[in-house]
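First comes the structure, then the notes that go with it.
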Amino acid sequence: MGAGHAHKLYRRGDSPVHGLPPHTKLVAVLGFVLVVVTTPREAVWAFAGYAALLAAVAALARVPVGFLLRRLAIEVPFVAFALLMPFVVPGEQTTVLGVAVSVPGLWGAWNILAKGTLGVAASVLLAATTELRGLILGLQRLGLPSLLVQIASFMIRYGDVVTDEMRRMSIARRSRGFEARGVRHWGVLAKSAGALFIRSYERGERVHLAMVSRGYTGTMPLLDERPADRAQWAAALALPLAALPICLLALLG
Amino acid sequence: MTSTPSLDVRGLAYAYPDGHQALFGVDLTIGRGERVALLGPNGAGKTTLVLHLNGILAAGAGSVTVAGLPVGKKHMAEIRRKVGIVFQDPDDQLFMPTVREDVAFGPASAGLRGAALDAVVERALEKVGMAGYADRPPHHLSFGQRRRVAVATVLATEPEILVLDEPSSNLDPASRRELADVLRSLDVTVLMVTHDLPYALELCPRSLVLSEGVIAADGPTREILSDEELMTRHRLELPFGFVPGSVA
Ligand SMILES: Nc1ncnc2c1ncn2[C@@H]1O[C@H](COP(=O)(O)OP(=O)(O)OP(=O)(O)O)[C@@H](O)[C@H]1O
Ligand SMILES: [Mg+2]
């Protein structure tokens, strides 16, 4: 693939993981997350096992650990929330480093942190090895309604166009001596936002015209068929299938 | 006339829903393989006329016929395939995430798939000299490249007539010339709406002048551009220092 839609999370490469059809990877990640979420939080060792599985996938995809860890930063707000739990959740108390915290709160925090981190890490790996366009086509193959697929596709295509328009408007404002400082100037910004909305709306009309002119009748033709063969499905599903026995052991144990 | 003309417009009149009448009985005929420029001042009704050619706007009175097929609800899919319109802003025209998907859109809508589709896309991109760009997203291309891809998206449906709205606008001189080379190399009928009179002279042996909703002149481009009285009457002006008679 050429310079497709590289998003910030994507990392170009030609590893076996990159090469899998996007929809198989989507199913694999979903399966993995389901298994992780089902695992009882007390089975601490199980989560270590899942982490090891993800590490193996990362190694196979040649995604460096540093890259992965930095992308995990999306998780920070949840971490903050989880860290509050031991202090606010009522229940049996214990002391950690001389501070009184609640036991159910601690388990709750651990639960969120462990499962959240694993889920986010799996998604980051998916995003790091799949182009945005591929993800959307994958969702389409998995039966995401065509309308949603179209909306998502247009967001990719026109995101930059609209941002660019926004930037030009901002330059035009500043060239005429406007700096947004404080509430007094919000009116101007609101008017610009309104103008941007109208411009985007009108562009939408023109794009629709162009689509109709080329035979659009309401459905997008599905291009880029990338059916998955048995081996590819097996490779993708290896992740959730390896996680499953860990989960079962934890549930029984 | 031996063969059916590519485009035949008879007595076409149209008023916008707000009551503004833009076309007052337009008559024109364009033969197969001709390259014709449509000139006229701002607001003359050129874009309005273009939108009638593939049935986006429905005639208030009169008729449009494309290669013998009347434009109307009955043959809409066929008409849309036969009339390839390249709009002025390539960002409106190129709405798919990659060049390849965009060029494939028209033929795929018509049901083409697989290797046949790939071949059509390949051929269309080659014709405009953009074969190496299939996997690029349109917004990473230069304006001139986007304009050429826009032409390819339309060529992919193998149209009977190619209609371009202001093809040379916003192009630098080199891109403008490259597009001219592309247009000259095609063997389709071309109707080119333009304010760029030297471009019209360079590419189109024949010109039509649309003014206030009617065809005010129809003849060899050089003669029209040399007719000072006609030009002034219809607010047409040549660029400074340009003398149509002196261009080879
Ligand atoms: N959607 C609309 N509703 C009402 N009137 C319109 C609409 N679009 C265009 N008009 C009017 O119809 C007339 C013809 O417009 P048109 O866009 O066809 O002109 P044009 O020849 O393409 O001009 P330009 O060279 O500026 O592109 C103009 O007077 C215009 O104001
Ligand atoms: Mg116009």
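Using θ = phi - 60° and the Karplus form 6.51 cos²θ - 1.76 cosθ + 1.60, what ³J(HN,Hα) does each residue of segment B:128-145 get, whole Hz, x for Gly and Pro?
Karplus-based 3J(HN,Hα) across segment B:128-145 equals 9, x, 10, 4, x, 10, 4, 9, 7, x, x, 6, 9, 9, 6, 4, x, 5 Hz.
With only Lys, Arg, Asp and Glu charged, each at its Cβ (+1 for the first two, -1 for the last two), find how big the charge dipole of chain A is about the Cα centre; round to the nearest 20 debye.
1060 debye
Dividing the Cα convex hull volume of segment B:1-78 by residue count, how many Å³ per residue is that?
Per-residue hull volume (Cα only) is 97 Å³.
State whether chain B is rounded, prolate or oblate according to the following rule on the C-alpha gyration tensor (a ≥ b ≥ c being the square roots of its eigenvalues): a/c under 1.5 gives rounded; otherwise a/b larger than b/c gives prolate, and the remaining case gives oblate.
oblate
Rounded if a/c is under 1.5, else prolate if a/b beats b/c, else oblate: with a ≥ b ≥ c from the C-alpha gyration tensor eigenvalues square-rooted, which is segment B:61-188?
Since a/c reaches 1.5 but b/c is at least a/b, the shape of segment B:61-188 is classed as oblate.
What residues have an amide H closer than 5 Å to that of B:Arg32, excluding those fewer than 5 places away on the same chain, when H is modeled at 1.01 Å from N in the peptide plane?
B:Ser6
Springs between alpha-carbon atoms under 10 Å, Gaussian network over chain B: tell me which of B:Lys46, B:Lys73, B:Lys82 tops the mean-square fluctuations.
Of B:Lys46, B:Lys73, B:Lys82, the most mobile in the Gaussian network model is B:Lys73.
Mind checking B:83-94 for the average number of partner chain beta-carbons within 10 Å of each residue's beta-carbon?
Mean partner shielding for this stretch: 4.
Is segment A:59-217 rounded, prolate or oblate when judged by the Cα gyration tensor, a ≥ b ≥ c being the square roots of its eigenvalues, rounded requiring a/c under 1.5 and prolate requiring a/b larger than b/c?
oblate
Near the amide H of B:Ile85, under 5 Å away, which other amide H atoms are found, from residues 5 or more places off or on another chain, if H is placed in the peptide plane?
B:Val163
Taking θ = phi - 60°, what integer Hz values does the Karplus form 6.51 cos²θ - 1.76 cosθ + 1.60 yield along segment A:133-147, in sequence order, with x for Gly and Pro?
Result, rounded to whole Hz: 4, x, 4, 5, 5, x, 4, 5, 4, 7, x, 4, x, 4, 5.
Could you work out how far apart the two model spin labels at A:Ala52 and A:Leu248 are, taking each label as a point 7 Å from the Cα in the direction of the beta carbon, and quote it in nm?
1.8 nm
Just need the Rg to Rh number for the protein assembly as shown, please, alpha carbons only, Kirkwood Rh.
Dividing the radius of gyration by the Kirkwood radius yields 1.11.
Which trypsin sites (Lys or Arg not before Pro) in segment B:191-248 sit in a loop by DSSP (not H, G, I, E or B) and have at most 16 other Cβ atoms within 10 Å of their own Cβ?
Answer in residue order: B:Arg235.
Using amide H atoms built 1.01 Å from N in the peptide plane, name the residues 5+ places from B:Gly219, or on other chains, whose amide H lies under 5 Å from its own.
Placed amide hydrogens put B:Ser207 under 5 Å from B:Gly219.
What percent do you get for the relative contact order of segment B:150-243 when only Cα pairs under 8 Å and 6+ apart count?
Contact order relative to length: 21 percent.
With the contact rule set at Cα under 8 Å and sequence spacing of 6 or more, what percent relative contact order holds for chain A?
Relative contact order of chain A: 36 percent.
Let me see the pair-distance distribution of segment A:145-213: every alpha carbon pair, 10 Å bin width, integer percents in order.
In order of increasing distance, the bins hold 17, 41, 25, 14, 3 percent.
Determine the principal axes of the Cα atoms in segment A:1-106, then give the extent along each, sorted from largest to smallest and rounded to whole angstroms.
Sorted from largest, the Cα extents of segment A:1-106 read 57, 25, 20 Å.
Work out the length of the dipole vector of segment B:7-246 about its Cα centre, built from +1 on the beta-carbon of each Lys and Arg and -1 on the beta-carbon of each Asp and Glu, and round it to the nearest 20 debye.
The dipole magnitude comes to about 540 debye.
Do you know the relative contact order of segment B:7-246, to the nearest whole percent, from alpha carbon pairs under 8 angstrom that are 6+ apart?
So the answer I get is 26 percent.
Can you tell which of B:Ser185, B:Val209, B:Pro198 lies farthest toward the positive end of the dipole of segment B:127-225, using +1 and -1 charges on the Cβ of basic and acidic side chains (Lys, Arg; Asp, Glu)?
Going by the Cα projections, it comes out as B:Ser185.
Which of B:Ile224, A:Ile74 has the fewest other C-beta atoms within 10 Å, and how do the rest follow up to the most?
Lowest to highest Cβ neighbour count: A:Ile74, B:Ile224.
Taking only the C-alpha atoms, wrap a convex hull around segment B:203-248 and report its volume per residue in Å³ as a whole number.
Spelled out: Cα convex hull of segment B:203-248, divided by residues, is 79 Å³.
Can you sort B:Val243, A:Val103, B:Val214 from fewest to most other Cβ atoms within 10 Å of each residue's own Cβ?
B:Val243, A:Val103, B:Val214
Using a simple charge model, +1 on the beta-carbon of Lys and Arg, -1 on the beta-carbon of Asp and Glu, nothing else, what dipole does segment A:145-213 show about its Cα centre, in debye to the nearest 20?
So the magnitude is around 400 debye.
Which residue, chosen from A:Ile198, A:Val161, A:Gly177, occupies the Cα position most advanced towards the positive end of the dipole of segment A:145-213, where the dipole is computed from +1 (Lys, Arg) and -1 (Asp, Glu) charges on Cβ about the Cα centre?
About the Cα centre, the residue reaching furthest to the positive side is A:Gly177.
Starting at the first residue of segment B:96-113, write each ³J(HN,Hα) from the Karplus equation 6.51 cos²θ - 1.76 cosθ + 1.60 with θ = phi - 60°, in whole Hz, x for Gly and Pro.
9, x, 10, 4, 4, 5, 5, 5, 6, 3, x, x, 5, 4, 7, x, 6, 9
Where does chain B land at 222 nm, in deg cm²/dmol rounded to the nearest 500, when only DSSP H runs of n ≥ 4 count, each adding -39500 (n - 2.57), divided by all residues?
After summing the helix terms and dividing by residue count, I get -10000 deg cm²/dmol.
Any read-out appearing in this document is the output of simple, stated calculations on the displayed coordinates, not a laboratory observation. Here the structure is a predicted model, which means the values were calculated and not measured. Quick reminder, even Gly has a Cβ in these numbers, built from the backbone with ideal geometry, and neighbours come from all protein chains shown.
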